[in-house]
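Asker: This structure is in structure tokens; I'll ask about it shortly.
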Amino acid sequence: MSDLAQKKCVPCEGGVPRLEPDRVAELLPKLDGWNVVGERLNRHFRFKDFKAAMAFANAIAEVAEEEGHHPDFTVRDWNVVDVSIWTHAIGGLSENDFILAAKIDRLPNAAV
């Protein structure tokens with residue numbers, strides 16, 4: 001399989017089946033530090049300061065806009081960015097979620 005970060009998210013308006021658990025298990029090891037909780041991919045990034053956390057959150061927003069696939073993310077405890085990705089239209093995981101997570105993994109960051 002090709003590198004997930006090299007792929008492009010495909011618009012999803014529903015009607016696409018959720019990924020089967022075996023496909024999720026196959027794709028998850030291709031990501032760095034992500035885990036599956038329920039029907040979502042989650043990862044926590046910790047930074048040296050608030051400014052670095054915000055810069056990373058803004059970089060996530062840029063990638064999400066480019067891909068047309070938008071994660072849920074929050075900045076908490078002044079230096080932590082929590083990211084949760086799932087395909088809202090199908091209420092679960094699609095390949096788009098893994099593509100976006102791989103692109104987030106490639107963002108420059110000063111995570112500690």
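Asker: Can you figure out the FRET efficiency of K48 with A25, using R₀ = 41 Å and their beta-carbon distance, to the nearest 0.05?
Answerer: Calculated value: 0.75.
Asker: Test of understanding: what is the full-extension gain from E65 to D3, defined as 0.36 nm times their sequence separation minus their Cα-Cα distance?
Answerer: 20.3 nm
Asker: Around A61, under 14 Å between beta carbons, what's the net of Lys plus Arg minus Asp minus Glu among the other residues? Don't skip to the end; give the middle numbers.
Answerer: Working: positive: K103; negative: E62, E65, E66, E67, D72.
Once all neighbours under 14 Å are counted, the net charge is -4.
Asker: Here are several values of log10 I(q)/I(0) by the Debye sum over Cα atoms at q = 0.11, 0.20 Å⁻¹: [x] -0.60, -1.07; [y] -0.33, -1.05; [z] -0.47, -1.02. Which one was derived from the coordinates shown?
Answerer: [y]
Coordinate-derived values only; no laboratory data. All values reported here derive from a predicted model rather than from experimental measurement. Every residue, glycine among them, receives a Cβ derived from its backbone with ideal geometry; neighbour counts consider all protein chains shown.
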